[in-house]
1. Just to be sure I follow: if Rg is taken over the C-alpha atoms of the stretch A:260-301 and Rh is the Kirkwood radius over the same atoms, what is Rg/Rh?
2. Can you tell me the dipole magnitude for the protein assembly as shown around its Cα centre, using point charges on the Cβ only (Lys, Arg +1; Asp, Glu -1), in Debye to the nearest 20?
3. Divide, for the stretch A:336-437, the radius of gyration over alpha carbons by 2.2 N^0.38 Å, where N is the residue count.
4. Work from the charge dipole of chain A (Cβ charges, +1 for Lys and Arg, -1 for Asp and Glu, about the Cα centre) and give the residue of A:Gly258, A:Leu387, A:Ile317 farthest towards its positive end.
5. Using only helices, what value at 222 nm comes out for chain B when you add -39,500 (n - 2.57) per DSSP H run of length 4 or more and divide by the total residues, to the nearest 500 deg cm²/dmol?
6. Which helices pass in chain A if a helix is a full DSSP H run, must span at least 15 angstrom along its long axis by Cα, and must have mean Kyte-Doolittle hydropathy not below 1.0?
7. Over all pairs of distinct alpha carbons, what does the Kirkwood formula give as the hydrodynamic radius of the stretch A:84-127, in Å?
8. Tell me the Kirkwood radius of the stretch A:161-220: reciprocal of the mean inverse pair distance over distinct alpha-carbon atoms, in Å.
Amino acid sequence: MSIFNRVFLFLILGSIAVFASGTIDGEIVKQALNIPAIVMFIIFVGATLGITYWAAKRTKSAKDFYTAGGGITGFQNGMAIAGDYMSAASFLGISGLVYLKGYDGLIYSIGFLVGWPIILFMIAEPLRNLGKYTFADVASYRLRQTPIRSLAAAGSIATVILYLIAQMVGAGKLIQLLFGLDYEIAVVLVGVLMILYVTFGGMLATTWVQIIKAFLLLSGATFMAIAVMAHYNFNFGSLFAAAADMRNTESLDIMSPGGLVSDPISAISLAIALMFGTAGLPHILMRFFTVSDAKEARKSVFFATGFIGYFYILTFIIGFGAIVMVFQNPEYLDLAKQAISGGHPILGGKNMAAIHLSHAVGGDFFLGFISAVAFATILAVVSGLTLAGASAISHDLYASVFKKGNADSMAEMRVSKMATVGLGIVAIFMGIAFEQQNIAFVVGLAFAIAASANFPILFLSMYWSKLTTRGAVIGGSLGLTTAVVLVIIGPIVWVDILGNAEAIFPYKYPALFSVTVSFLSIWFISITDKSHDGEAERAAFEAQYIRSQTGIGAEGASEH
Amino acid sequence: MTQELVKKIKANPDYQKLVKTRTAFSIKLTITMLVVYFSFILTIAFNPSALGTPLSSDTVTSIGIPIGIAIIVFAFVLTGIYTKRANGEFDDLSNKIKQAIKED
């Protein structure tokens, strides 16, 4: 593979790393073939389609479709949750951040991890005990179905579509490169594969695709970290010393915190977005219904936290490995950029640090492997997202709102398959429409909506006896609106995208404000709700609380 | 769930014990995690150089690195502690409550 080819591979992969907010500049050109990457990618697609065929034969009821029959073990589900969470964005983005800023990358990873213990202590068990297919089951347990489900579905669908846009754009550009296909055809290919996995294989296929991908990603990252450490006789001190030698200047100390979190408001707001946002992501919450009971749900979080934590430690080593093995290596230097701005810019920008490192430690073959894994990661994540979105449409909107709970299971499953196809088509069109757009804000917005609308309703419905429908609907909608408005008038959209000189709202992360608005308004409107319905909803709390605490009456696994 | 059953379970001493001990335990662990995380993030916001101090005079490795890794490991250990106790002690109590309902 020539340097020229690699330039474009890196440019394109860079676009996936949404969180790291870097965007790619310049033309994307169709590429010649990267044979090892394509072979490995075809093997992955072949294997996953085989799994889909196997899963299709086992997916007979709506319960199978939404939750794999509730028969996934805690360990498997932990791996699948980790798979949902370890996106291409976090792999490339966090290792790129470590490469560029050193210690700041670790601060970011820790923020993503600490939400998990809290999900375990507060959310996992009542969620499993009260719900069936979606988190709206829990939120609407004792409240009025139509308004609560409509709002929860709106929050879910908004989160899912924002995430899908980010993933589709990155995926389209990646395959465009690997196969030399047009961007449009590449996006259609991703959409079609995802529709196949989800419509035929449902949650069972989606879960196994996620498990395989998590395994591949962890293996690849482990190999890279070991290769880096072997260079330094497994001595962290020497690795850090070599890296500091190369990178430290008067204005940068890679061993200490830099500018990522500079003021307390941003620090707290980011922390709230990550913690509560994680606990409000529909595709993550849905995973808790795939296990048989609360015991397995707890184990899921235990294993997921372990895998995710291990993965973040690996990305930290990989980032430092890239500093010592990529930073001054002329092979990865962007000469054109260096001629203009000097320094040591690498091809494709900082988000390509891990990809360059994979080539530095394992040659073209391993570069192909990591590229194929990055693509598999996107495919797995979009499948999980689409299934969560389709469930919100079929289970919450169709079966509960439209059919008032009287839909038959087969009809509901048909609707969810149609919704999957529909979401796949929407994702394809969005992917094409957003090809040239700056999409750095979308994942942040998805987290803000999840933290400000989904999470407060879910949490208060589980623990606060005085919550009423009126409070949840008005407060949740206010939280959602506040999050959207603050992102639009904040620095990322208002200044970077719309080109205004100064942001109306000065902080990048709105969560501290929008979550506060959401909780306060839900509280105030609930306690002032003197309606008859409100009284009945408060009275129904005790029975719900008993079920959430003990699991008496909870959904079990179906017999297979 | 009928009102009668709700009343019966609420009066069950095992249920009262389960809710009391588990709620206290969950809150204790949640607060522990929050205190650890917010001490870290607020140290970064107010006094970032504290974490940049080298571990000893002959190394560049800063104290922030073992602290950061320790927080990741700590989060995992906390989930382990909760899971172990909940899957043992708390589930035993839940099963006893379910058994008591069946026997009536």
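1. Rg/Rh for the stretch A:260-301 comes to 1.21.
2. With only Lys, Arg, Asp and Glu charged at Cβ, the dipole is about 1780 debye.
3. 1.69
4. A:Leu387
5. -26500 deg cm²/dmol
6. Answer set is A:3-14, A:35-58, A:88-101, A:103-113, A:145-179, A:183-231, A:264-278, A:294-325, A:353-391, A:409-433, A:469-488, A:511-527.
7. 11.7 Å
8. Result for the stretch A:161-220, one decimal place: 12.6 Å.
The values are calculated or read from the model by the stated rules, or taken from the named source; none is laboratory data. In this text, all values refer to a predicted model and were calculated from it rather than measured experimentally. We place every Cβ from the backbone using ideal geometry, glycine too, and count neighbours over all the protein chains shown. Ligands, DNA and RNA are excluded from the accessible area calculation, which covers all protein heavy atoms including side chains. Shrake-Rupley method; radii C 1.70, N 1.55, O 1.52, S 1.80 Å.
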